[in-house]
Every structure is written in C-alpha cells, then in structure tokens.
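Shown next, in structure tokens, is the structure this report addresses.
Every number here is computed from the coordinates shown, using simple stated rules; none is lab data. Here the structure is a predicted model, which is why all the values come from computation and not from measurement. Methodologically, a virtual Cβ is constructed for each residue, glycine included, from the backbone with ideal geometry; neighbour enumeration extends over all protein chains shown.
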Amino acid sequence: MGRPKQFDPDAAVEQAMQVFWRKGYAATTPQDLVDALGIGKGSLYNAFGGKHALFERALRRYRDSQALALVEMIEEPGPVRERLRRTLGLLVELDLADPDRRGCMAVNTAAELAGTDEIAADLVRRMFDRTEAAFRALVGEGQRSGEISPDRDARALASMLLSTGVGLRLLARVATGPDRLDRVIEATIDSL
C-alpha cells in the first residue's frame, strides 16, 4: 500500500494558480511550484504529471472561480446599462487594488501562449466564449426592455463588450489610476 498524500491536491492547484497568475507560465519554474505548494518535485510530478498538466488544472480552476464570477455579475438583476457599468467598473477596481497587478489570468495566458499552446488557447477561447454569450444575453435583455436599440446587432455588441473587458484588464496592469479606464467604461456604455 502506498503512502498517503501529504498535501491537499485542491489546495495545491489553488496555490499553483496563484503562482502561474502572478508569474505567467514560462516564468514559473518547477522549483517555484514546489516552493509554493510545499511538496517535493517527485510529488509534483506524481500528483499532477508535470508543470504543464498542473497549469491546465490551474487554468481550469481560474475558469471555475474567477471567470464564472464575471458571468454571475453580468447576470445580476437590474437595469442593463447599470449592470454593465458595475461589472466593468468592478473589474477595474479589483485590478487596481491588486498590488501585483496580475490582471486576468485568461487574458495573460492568451497573450503569452495562444500561438504556441493549443490546449491553453482552447481553454481561454472557451472562457471568452462563455463571457461573450453572457454579454449577448444581457444585450438581448436590454433590447427587449428598450435600453438598447433592437436595430443593433447583439452579437457585435457582445463581441465589443468582451473586447472592452479584455482591454480594460490589460490597461489596468499598467494604469496609474482609474481615470482612463473609467473613460473607456463610460464611452462603451454610451455607445450602446
């Protein structure tokens, strides 16, 4: 009978997610992971199959927590324009409050790995698709309530909102304050 695991795999994936989110995939070494997880290299490989497999699990964990939380914000009750303003504003607020300015792990992964890692690109693509679908549903709701003109293309508006969110997450990583980001949000809401 094998020795029982000396660590909680779910907690280890959470810790790994934090490391990958802060440093990125390429800059994260197996030693960084071993140090953060408090396990030996053998345990890292035995439990997770290696750095890339652990990264995939960490990215899925991000999807299931952070990306899903964004969709839930979009789906909250209230006037459509206010929900959009609140959702985009909260992203900016959270990003600016983060001392590490990590931004969005999905956006960071797209920028770092999209051309070289099909598995990571596919995971990110699906996260973006889910977010865009939530924006499209919200635009449709706004069109039915009269807040958004029914003549506008809901798919195009949803794509614009996704692109705005991605851009805000990148801009927030280097912003010295919220002014530019707030202008982007207001211009986006006004364009609807």
Check your understanding: Quick one: if you stick a label point 7 Å off each Cα along the C-beta vector at His52 and Glu76, how many nm between them?
Key -> 4.0
Check your understanding: Under the Karplus relation 6.51 cos²θ - 1.76 cosθ + 1.60, θ = phi - 60°, what is the ordered set of whole-Hz ³J(HN,Hα) values for the stretch 11-18, x standing for Gly and Pro?
Key -> 5, 5, 5, 4, 4, 4, 4, 4
Study note, to complete from the structure: Here the gain from full extension of Ser145 to Arg125, 0.36 nm per residue of separation minus their alpha-carbon distance, amounts to 4.2 nm
Revision key, fill the gap. In whole percent, the Cα-Cα distances of the stretch 96-135 spread across 5 Å bins from 0 upward as 6, 24, 23, 19, 16, 10, 1
Practice item. Determine the sum of side-chain charges near Glu118: Lys and Arg each +1, Asp and Glu each -1, restricted to other residues whose C-beta is under 15 angstrom from that of Glu118. Key: -2
Check your understanding: With a Cα-only, solvent-free Debye model of the stretch 117-171, what are the log10 I(q)/I(0) values at q = 0.15 Å⁻¹?
Key -> -0.48
Review point. Per-residue HN-Hα couplings for the stretch 70-81, Karplus 6.51 cos²θ - 1.76 cosθ + 1.60 at θ = phi - 60°, whole Hz, x for Gly and Pro?
Key: 5, 4, 5, 4, 4, 8, 5, x, x, x, 4, 4
Exercise for review: Please name which of Leu94, Ala53, Gly40 has its Cα lying farthest along the dipole of the chain towards the positive end, using unit charges on Cβ (Lys, Arg +1; Asp, Glu -1) and the Cα centre as origin.
Suggested key: Gly40
Check your understanding: What Kirkwood radius, in Å to one decimal, follows from the Cα pairs of the chain?
Key -> 18.0
**Study point:** Cα-centred dipole magnitude for the stretch 60-191, charges only on beta-carbon of K, R (+1) and D, E (-1), debye, nearest 20
**Key:** 100
Check your understanding: Using the alpha-carbon centroid of each, what span in Å lies between the stretch 130-180 and the stretch 31-81?
Key -> 25
**Study point:** Relative contact order %, the chain, counting alpha carbon pairs below 8 Å whose residues are six or more apart
**Key:** 23
**Study point:** Fewest-first ranking of Met160, Met105, Met17, using other Cβ atoms within 10 Å as the exposure measure
**Key:** Met160, Met17, Met105
Review point. Percent relative contact order of the stretch 88-168, based on C-alpha pairs within less than 8 angstrom and at least six residues apart?
Key: 26
